[in-house]
Amino acid sequence: MLPLSEWLVDPVLTIALNKGRILKSVLPLLAKAGIEPLENLPDSRQLLIPATDPNIRMIVMRSQDVPVFVARGVAEIGITGKDSLLEAGAHVLHFYEPVDLGLARCRLVRAVPANAPAGNHAPVRVATKYERTAKRFYLEAGRQAEIIKLHGAIEIAPLVGLADEIIDIADTGNTLKANGLIEKDLIAEISARLIVNKAALKRRFKRISGLVEAIEQEAEASGKA
Ligand code: PRP
């Protein structure tokens, strides 16, 4: 039973979830931790979903929006890919990243055409969804780069002459291969992470840390974390 003060002060706790692949793997884990949506989330058109626990609700959104909702405190907890957290900029100042759920593992890589002559263009033209991460990567590598921001189908960019190389997610590596690309650098290991708004954690420590621990235990039990 929660202390009365926690019931009186904004009792509903909001969890921001990344739709798509991560959502499908995260929902069974959340269910084991006692957090279940009242609707079939992947199919629902409703984006604000109550949970079986009346003090919890879930919001489903694009991965890059999860850090925004959590940083601004409209969701106390969020689950999204590490790739989106790397892109979160100053929002990272407002949340903790206490749990690597170990789900939806993949890699953020730099890939180039298999038949590319090295150093064709200076600066190198890079197609990516991950503008901030790419800028950091080339800065640290001491290479000049022109970042071409795309929102999908990144692997096509070198093939049609839009870019010299790409920074993108690889899982099986099939998409790179199918488009004549090879991995050159591993930029980051990616997996689903749990984030918590810093101010909310302070204000509602027992409630939020209890939930975070329950989720973490389930992730550990399933050998993911
Ligand atoms: C991701 C990523 C790659 C692909 C890699 O795209 O952007 O295109 O998966 O997977 P693979 O190495 O197993 O081939 P996703 O399908 O998530 O769609 P997106 O382009 O909308 O990100």
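Each reported figure results from applying straightforward, stated rules to the coordinates on display, with no laboratory input. It should be emphasised that the depicted structure is a prediction, and the values quoted were computed from it without experimental measurement. Quick reminder, even Gly has a Cβ in these numbers, built from the backbone with ideal geometry, and neighbours come from all protein chains shown.
Under the simplified labelling scheme, the ARG62-LYS149 pair shows an inter-label distance of 1.0 nm, with each label point 7 Å from Cα along Cα→Cβ. Largest first, the three principal axis extents of the alpha carbons in the range 107-188 are 29, 25, 21 Å in whole numbers. Annotation: the residues PHE69, PHE205, sorted from fewest to most other C-beta atoms within 10 Å of their own C-beta, follow the order PHE205, PHE69. Once Lys and Arg get +1 and Asp and Glu get -1 on their Cβ, which of GLN144, THR175, VAL124 lies farthest toward the positive end of the dipole of the range 107-188? Positive-end residue among those listed: GLN144. Note on THR175, THR52, THR14: ascending count of other Cβ atoms within 10 Å places them as THR52, THR175, THR14, the fewest first.
One decimal place: the segment ALA178-GLU213 gains 8.5 nm when fully extended, by the rule 0.36 nm per residue minus the C-alpha distance. For the range 169-177, the Karplus equation 6.51 cos²θ - 1.76 cosθ + 1.60, evaluated at θ = phi - 60°, returns couplings of 7, 10, 10, 6, x, 5, 5, 4, 4 Hz by residue, with Gly and Pro reported as x. Based on the alpha-carbon gyration tensor of the range 80-225 and its eigenvalue square roots a ≥ b ≥ c, which shape applies: rounded if a/c is under 1.5, prolate if not and a/b is larger than b/c, or oblate? The shape class here is prolate. Taking the Cβ-Cβ separation of GLU39 and LYS135 as r and a Förster radius of 45 Å, what is the calculated FRET efficiency to the nearest 0.05? Computed FRET efficiency for GLU39 and LYS135: 0.70.
Residue exposure proxy: ARG203, ARG45, ARG110, ordered by other Cβ atoms within 10 angstrom of their Cβ from fewest to most, comes out as ARG45, ARG203, ARG110.
Compared with the dominant Cα axis of the chain, that is its longest principal axis, helix 131-141 is turned about 60°.
Annotation: extensible slack from LEU186 through LYS32 equals 52.1 nm (criterion: 0.36 nm per residue apart, minus Cα-Cα distance). Taking θ as phi - 60° and the Karplus parameters 6.51, -1.76 and 1.60, the scalar couplings of the range 63-71 work out to 4, 6, 8, 4, x, 5, 4, 6, 4 Hz in sequence order, x denoting glycine and proline.
With contributions of -39500 (n - 2.57) from each DSSP H run of at least four residues, the per-residue ellipticity at 222 nm computed over the chain stands at -8500 deg cm²/dmol.
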